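First up is the structure itself, then whatever we jot down about it.
The values are calculated or read from the model by the stated rules, or taken from the named source; none is laboratory data. On a predicted model such as this, the values are computed, not experimentally measured, just so you know. Virtual Cβ from ideal backbone geometry, glycine too; neighbours counted across all protein chains shown. Quick note on the areas: whole protein, heavy atoms, side chains included, nothing else; ligands and nucleic acids left out. Shrake-Rupley method; radii C 1.70, N 1.55, O 1.52, S 1.80 Å.
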Amino acid sequence: MRRPTTFDVALVVPLRGPAGIFGPSAESCAQLAAEEINRSGGVLGRELRLIPVDGGAPPKVVADEVAALVGTGRAHGVTGWHISSVRQAVAPRVAGRVPYVYTALYEGGERAEGIFLTSETPDVQLFPAMRLLGEERAARRWYMIGNDYIWPRRTALAARGYASGAGLNVVGESYVPLGTHDFTGTLSAIEHSGADAVLMLLVGTDAVRFNRAFARSGLTGRCLRLSTLMDENMLLASGATATADLFSTAGFFASMITPENLDFHGRYARRFGAEAPPLGSLGESCYEGVLLLAALVEQAGAVDLRAIGANAESVSYEGPRGLLRLRQRHVNQRIYLAEARGVEFDVITQLP
């Protein structure tokens, strides 16, 4: 049998729906990573090629497409940012067959064979941010608003458990379908709950519309907002008048002043030009997803899940966040809290 000359990767990023707002940035960042890897010799001497899959389609549709690519040998790995309901549909179809690097922040607990995760979970991202805002901004009474699927619901459940042991109160919660336009009922519930903080677990344009409606409602002076999913594309779309007292917590912000990040910005701008989609945390995660997938295979010396798993704890890669390593199939990372200043993020502190 002839040895393959390419290493083909299904890149699953949203190109429609609420998360489609940052899909172009995610696709561009992944493409940049692939091109850089290929200039350095590829993956085991093979050219890395990306096969785009629209992760904004219904979960079963996405899973069917990815499974077909893997089953016919057209994809040797999977990576990308997509919501947890898509991951839950894809994971059983590819587990034990090819490496799958999932780059979205998520609710935690993924254990399927061959899945590796680059992004944040509530224990390291959300809980420290709630604690800090409780101490420094007297944010004691929290209202939670999220889309109605696994990530927001399980994250909210974890947040309630954390709050009960940290002297914080959860005074209400609401869940809305993906693609919601009208938040009138939720905003009324927030107002009557006496909340002084709102935890936003909304995706993409849903969060944008909520931010705008929140500002119009006059709640800005009464409640701060904290989001664990608010990238620079979403902030820009919300508009400067809708971002007062809005906080975000993540492992990366485009405004971070580090040599690695400044170099990343320069390479991205040179490759895609001034009209490129804005760099953000969610797009950057896809750059890392491609890097980690390549590093896993290179370290193993083969596209073999047993070899990849056996060598995973010794894998590291250098990206816009510096040198990162795996621990129990999750990237060990630093997490930051930032405050919106108009349509840019000001990183306040690294969270413990």
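A few comments on the model shown:
- Efficiency of FRET between THR184 and THR241 - r from beta-carbon atoms, R0 25 angstrom, step 0.05: 0.85
- Low-density loop positions, trypsin sites (Lys or Arg not before Pro), segment 1-92 - DSSP coil, at most 14 other Cβ in 10 Å: ARG2, ARG16, ARG74
- Note that segment 194-316 presents 34 Å² accessible area per residue, ligands and nucleic acids not counted, probe 1.4 Å.
- Paired Rg and Dmax values of segment 273-352, which use every Cα atom, in angstrom: 15.8, 48
- Full-stretch length increase - SER174, SER255 - with 0.36 nm per residue and alpha-carbon distance subtracted: 26.0 nm
- Computed over the chain, the percent of Cα pairs more than 36 Å apart is 18.
- Taking each residue as 0.36 nm, the span from ARG39 to LEU157 lengthens on full extension beyond its C-alpha to C-alpha distance by 38.0 nm.
- Cβ-based charge dipole, segment 1-55, positive-most Cα from LEU48, GLY20, LEU32: LEU48
- Projected label points at ILE150 and THR72, each 7 Å from Cα along the beta carbon direction, are separated by 2.7 nanometres.
- Each listed q (0.16 Å⁻¹) maps to a log10 I(q)/I(0) for segment 1-74 from the Debye sum over equal C-alpha point scatterers, namely -0.64.
- Net charge of neighbours whose Cβ lies under 12 Å from the Cβ of GLY322, counting Lys and Arg as +1 and Asp and Glu as -1: -1
- Computing Rg and the Kirkwood Rh from the Cα coordinates of segment 142-267 gives a ratio, Rg/Rh, of 1.00.
- Taking all protein chains into account, the per residue accessible area for segment 37-157 stands at 37 Å² (1.4 Å probe).
- Rounded, prolate or oblate (a/c below 1.5 giving rounded, otherwise prolate when a/b exceeds b/c) for segment 109-150 by Cα gyration tensor: oblate
- Charge tally in the Cβ shell below 11 Å around VAL297, where Lys, Arg are +1 and Asp, Glu are -1, VAL297 excluded: -1
- Most mobile listed residue (PHE116, PHE253, PHE214) in the chain, GNM with C-alpha springs under 10 Å: PHE214
- Net charge of Cβ neighbours under 14 Å - reference ARG212; Lys, Arg +1; Asp, Glu -1: +1
- Here the simple spin-label model places points 7 Å from the Cα toward Cβ, and for GLU344 and SER164 these points are separated by 4.3 nm.
- Shown for the chain: the carbon plus sulfur share of the solvent-accessible area, taken with all protein chains present and a 1.4 angstrom probe, equals 50%.
- Long-range tail of P(r) for segment 40-131 (Cα pairs > 16 Å, %): 57 percent
- Taking the square roots of 5 times each eigenvalue of the Cα gyration tensor of segment 68-122, largest first, gives ellipsoid semi-axes of 20, 10, 10 Å.
- Net lengthening on full extension, ARG271/ARG216 (0.36 nm per residue, minus Cα-Cα): 15.9 nm
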